[in-house]
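Taking it in order: structure first as structure tokens, then the write-up.
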Amino acid sequence: MQPASGAESPRRCDDWADYAARVGLTDGRLPDFLVVAPPKTGTTWLAAQLSRHPAVLVPPEKEVRYFDRHWRSQGLGWYCARFPAAPGQIAGDVTPGYALLPSTAIAHIGRLKPEMKLIVLLRDPIARAWSHLKHTFRHGEANFAGTAPTVDSVAELPLAAMLRNLIDDYTLSSGDYVSIMRRWLAVFPRRQMHVAFLEEIEAAPVRTLEAITDFLGVEPMLPDQVCDMPSNPGLPGAPPETLAPFLAALFGPRQRAATRFLAETMAIAAPWQAPSPEAGEFQLDGVLGHAAQLRNGRFHHPRRLFGPSRWFAGATDFIGEMTQRPTTEDRRLARVLDALGDPLEPQPTLIESRDGCNLVQWRDQFYALRQNPGPFDLRQGMAALREHAGPGGFGVGTSPQQAWSMLLDGMQDAAN
């Protein structure tokens with residue numbers, strides 16, 4: 001996904017308006033529950049635990065991604081076939097992208113199965129945003145999409161690259177817990193939603209999972225069957241000191257809003273500690289393409305008179321106003337999801353195989369790789385590739401000859 005901008009992305013977000021007609025209805029077996037949780041909130045752990053429960057079916061791929069991606073190319077029959085639950089079993093779909101579904105899609109899910117149960121996983125928004133930054137860097141998403149890694153670790157990133165990631169629509173929408181829950185609660189009643197927290201999973205995994213299985217109506221798992229966190233560890237490292245105040249200024253207000261919403265609407269106490277409301281003001285010149293200020297979690301142009309209420313919660317809303325191309329929440333979310341799952345995203349292409357090695361082209365680079373370490377996701381970056389392939393295990397270049405040459409040189413050095 002490209003950095004947030006007011007210009008329309010050349011995607012297909014317009015056809016989300018036809019979502020209900022495209023998806024249609026079915027008499028097939030739909031899942032009994034959906035996990036509606038932003039990335040980096042514990043979905044991998046929860047899927048791993050529930051998949052071991054004899055009364056729960058979670059597809060082996062975990063993220064079926066029908067309602068946010070495959071609805072364009074597959075019918076509901078394909079989706080229902082992912083849940084061949086045995087008699088007495090319930091089935092669930094654990095897809096983080098469902099947290100970002102536009103309201104039109106959620107409304108149709110409500111028509112498909114009004115009794116659907118929802119499990120919402122949340123996490124301290126500031127900690128989630130930093131973990132998400134590391135995740136998008138590792139997997140080449142958000143403002144890191146479409147470019148070859150230039151550094152090996154998040155700590156080496158320029159501050160401007162970190163700021164662009166944090167104000168990207170993908171990151172901001174994933175951290176807007178109030179909007180996520182409001183969209184789903186507009187369709188499904190409160191009694192069909194269960195909220196759990198990553199902090200509770202880390203502190204008391206058995207008790208947290210027992211509350212979830214009780215909500216689903218199945219027997220609790222034995223304590224010795226429950227694994228501790230983490231199931232999907234991210235890259236190590238804490239935010240640099242230069243970034244911490246910005247994180248507090250951007251996500252602190254969202255954190256406090258989520259705390260109030262959970263207490264007032266759900267009667268739930270959030271386990272995180274919100275930062276001080278006086279988090280300061282930040283200048284974002286050059287980051288958004290326009291002079292901008294961040295204050296109390298909202299964006300403002302310092303030299304343009306929008307009036308007292310013209311402070312924008314998201315970078316896209318701000319730029320849309322600046323360029324006189326305002327957008328809507330549903331359209332913004334559609335763009336985020338389309339960018340994450342767009343078939344236009346370049347896929348690695350096998351160019352040649354010889355002598356136990358493969359030559360692969362991906363984006364603007366060629367990769368010569370030994371076959372014996374097994375498959376590898378190139379989106380994880382150079383540091384992970386070095387660890388996976390080992391000494392002399394790969395070569396990278398802007399041409400096939402350069403990649404092959406680097407691989408052969410590395411193999412010779414490793415043999416000496």
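Annotation note: Cβ proximity below 8 Å between a residue of segment 214-227 that is in a loop (DSSP other than H, G, I, E, B) and at pLDDT below 90 and a residue that is surrounded by fewer than 17 Cβ atoms within 10 Å (Cβ to Cβ) and among the charged types (D, E, K, R) (sequence gap 6+ or interchain) occurs for 221/52; 221/210. If you go through segment 199-210 and pick out every residue that is over 25 Å from the mean Cα position of the chain (by Cα) and either of a type in the set (A, V, I, L, M) or crowded, with 20+ Cβ neighbours inside 10 Å (or both), you end up with 1. Residue 196 satisfies every condition listed in (1) modelled with pLDDT of 85 or more; (2) outside any helix (DSSP H, G or I); (3) surrounded by fewer than 21 Cβ atoms within 10 Å (Cβ to Cβ) except (3).
One line per residue, one yes/no per condition, for (1) under 26 Å from residue 250 (Cα atoms); (2) without any contact (Cβ under 8 Å) to a residue 40 or more places away in the chain; (3) within 18 Å of the chain's Cα centre (by Cα):
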{"residue": "58", "(1), (2), (3)": "no, yes, no"}
{"residue": "69", "(1), (2), (3)": "no, no, yes"}
{"residue": "87", "(1), (2), (3)": "no, yes, no"}
{"residue": "107", "(1), (2), (3)": "no, no, no"}
{"residue": "111", "(1), (2), (3)": "no, no, no"}
{"residue": "163", "(1), (2), (3)": "yes, no, yes"}
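Scoring residue 63 on the criteria (1) modelled with pLDDT of 90 or more; (2) surrounded by fewer than 19 Cβ atoms within 10 Å (Cβ to Cβ) leaves a single failure, condition (1).
Among the residues making up segment 386-402, those that are in contact (Cβ under 8 Å) with a residue 24 or more places away in the chain and loosely packed, with under 12 Cβ neighbours inside 10 Å are 398, 399. Scanning segment 68-105 for residues that are among the hydroxyl-bearing types (Ser, Thr, Tyr), more than 19 Å from residue 42 (Cα to Cα) and part of a loop (DSSP other than H, G, I, E, B) yields one hit, 73. Picking from residues in segment 82-133 that are surrounded by 22 or more Cβ atoms within 10 Å (Cβ to Cβ) and among the basic types (Lys, Arg), the one that is farthest from residue 339 (Cα to Cα) is 123.
Residues in segment 382-397 that are in contact with an Asp or Glu (Cβ under 7 Å, 6 or more places away or on another chain) and more than 17 Å from residue 354 (Cβ to Cβ): 382, 383. Taking the criterion of being assigned to a helix (DSSP H, G or I), under 30 Å from the mean Cα position of the chain (by Cα) and not basic (Lys, Arg), the residues of segment 386-416 that qualify are 387, 388, 389.
The values are calculated or read from the model by the stated rules, or taken from the named source; none is laboratory data. Computed from a predicted structure; not experimentally measured. In this analysis, Cβ positions are derived from the backbone assuming ideal geometry, glycine residues included, and neighbour counts consider all displayed protein chains.
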